[in-house]
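K.L.:
Before I ask anything, here is the structure I am working with.
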Amino acid sequence: MTTVRIAELRRASVSNGQIVWLTSSDAPDAFPNIETALAEPDGLLAAGGDLEIDRLVAAYSKGIFPWYDDGQPILWWSPDPRCVLFPADFHVARRLQKTGRISSLTLSFNQAFDQVIRACAAKRELQLGTWITADMIAAFERLHREGWAHSVEIWNSKQLVGGLYGLAIGRVFFGESMFSRETNASKFAMYGLCRHMLENDFVMLDCQVVSPHLTTLGATTIPRTEFAAILDQHCHPTGRFGKWPEKTRPICELMLK
């Protein structure tokens, strides 16, 4: 996502009137229509506000998410097109399937949310910083405690080697970030999530912004209007999803089905 400077935001706000500046006193759902988002930078919709639970749940259920650097105001985005993965379309390459069938790694849900989000936030090779700021971590930990945010973990014995996290609203999972410390660990996490989504009638995994890696796993892009229509059908009224496995499961067992 393009880094946007505060001065550029203010110029855009003044010149075209499309950037809405929110305050913490605004209603949680006081976002403009997503069709008013800028084309450049793609999807920038609003700035300001806060990261309280009600505002975040309202934002995601409308197809909006926060993405900003430390020192910036909170920036709210709704890009067009939207990158999504329909659970049945997850692509299991032959090599991944072969590796998974003999793997000693295990899969779990919601056993190490704090560790997963911090691993996703850690600086990586060739990466100057992270958009997962301390405030974002605190916000998502609150969402997790309230049953909105969830993590998927991949373990090598008792060592966390991969995973991902995001929000579940209705029957849509909004993926935020993933990490991998061993080959294929994040792929196994996403595969495990998609399997669980299929078993529980989830319709879509939101991947936000397209990347070559995501497309190799079966992700595609759809128009923002189509994305919003899916959310209207499957996220409203908003509700938590609470049916998550409590036991750790071997990857080799998962890949045999």
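Every read-out reported here was derived from the displayed coordinates using simple, explicitly stated rules and does not represent laboratory data. None of the values given here were measured: they were computed from a predicted structure. Counting neighbours? That spans all protein chains shown, and the Cβs are built from the backbone with ideal geometry, glycine included.
K.L.:
What are the membrane-span-like helices in the chain by this rule: whole DSSP H runs, Cα extent along the axis at least 18 Å, mean Kyte-Doolittle hydropathy at least 1.0? If you can, show how the numbers build up before the last one.
P.N.:
Numbers: long enough: 185-199 (21 Å, 0.18).
Qualifying helices: none.
K.L.:
If r is the Cβ-Cβ distance from H213 to E141 and R0 is 22 Å, what FRET efficiency results, to the nearest 0.05?
P.N.:
Values: r = 26 Å, r/R0 = 1.20.
It comes out at approximately 0.25.
K.L.:
Using the C-alpha atoms of segment 72-153, what convex hull volume per residue, in cubic angstrom, is computed? Could the numbers behind the result be given before it?
P.N.:
Values: hull volume 14.9 nm³, N = 82.
That works out to 182 Å³ per residue.
K.L.:
Another question, then. Would you work out which of I53, L38, T106 lies farthest towards the positive end of the dipole of segment 34-158, given +1 charges on the beta-carbon of Lys and Arg and -1 on that of Asp and Glu, about the Cα centre?
P.N.:
Result: T106, furthest along the dipole toward the positive end.
K.L.:
If you don't mind, there's one more thing I want to ask. On full extension of the chain, what length is gained from D69 through T36, given 0.36 nm per residue of separation minus the C-alpha to C-alpha distance?
P.N.:
This chain segment gains 9.6 nm when fully extended.
K.L.:
What residues have an amide H closer than 5 Å to that of S103, excluding those fewer than 5 places away on the same chain, when H is modeled at 1.01 Å from N in the peptide plane?
P.N.:
For S103, the qualifying residues are C252.
K.L.:
Hey, another quick one. Quick query: amide H of L22 versus all other amide H atoms, modeled in the peptide plane; which residues come in under 5 Å with a sequence gap of 5 or more or a different chain?
P.N.:
Residues meeting the amide H criterion: A47, G48, G49.
K.L.:
For F109, list long-range residues whose amide hydrogen, built 1.01 Å from N in the peptide plane, is under 5 Å from its own amide hydrogen.
P.N.:
E153
K.L.:
How much length would be gained if the chain were fully extended between D114 and W21, taking 0.36 nm per residue of separation minus their Cα-Cα distance, in nm to one decimal? Before the final figure, lay out the partial values.
P.N.:
Values: separation 93, 0.36 × 93 = 33.48 nm, distance 3.07 nm.
Roughly 30.4 nm would be gained on extension.
K.L.:
Project the alpha carbons of segment 135-180 onto their principal axes and report the range along each, largest first, in whole Å.
P.N.:
31, 25, 16
K.L.:
Compute the semi-axes of the equivalent ellipsoid of the chain, taking the square root of 5 times each eigenvalue of the Cα gyration tensor, and list them largest first in whole Å. Display every interim value, and only then the final one.
P.N.:
Numbers: eigenvalues 198, 70, 61 Å².
With the √(5λ) rule applied to the chain, the semi-axes are 31, 19, 18 Å.
K.L.:
Any chance you could run the full-extension gain for R101 through T183? It's 0.36 nm times the residue separation minus the Cα-Cα distance, nm to one decimal. Don't skip to the answer; put the middle values down first.
P.N.:
On the way: separation 82, 0.36 × 82 = 29.52 nm, distance 1.43 nm.
Length gained, R101 through T183: 28.1 nm.
K.L.:
Still on this structure, please answer the following. Stick to the Cα atoms of segment 190-231, pair each with every other, and give me the Kirkwood hydrodynamic radius in Å at one decimal.
P.N.:
Values: mean 1/r = 0.0876 Å⁻¹.
Value: 11.4 Å, from the Cα pair sum.
K.L.:
If I measure Cβ to Cβ between cysteines in the chain, which ones have no partner under 4.7 Å?
P.N.:
C120, C194, C235, C252
K.L.:
Then there's this: Convex hull volume of the Cα atoms in segment 46-112, per residue, in Å³? Intermediate results must be reported in sequence, preceding the final value.
P.N.:
On the way: hull volume 12.5 nm³, N = 67.
That works out to 187 Å³ per residue.
K.L.:
Let me ask something else. Work out the FRET efficiency for L198 and T248 from their Cβ-Cβ distance, taking R0 = 22 Å, and round it to the nearest 0.05. Walk me through the intermediate numbers first.
P.N.:
On the way: r = 20 Å, r/R0 = 0.89.
So the FRET efficiency works out to roughly 0.65.
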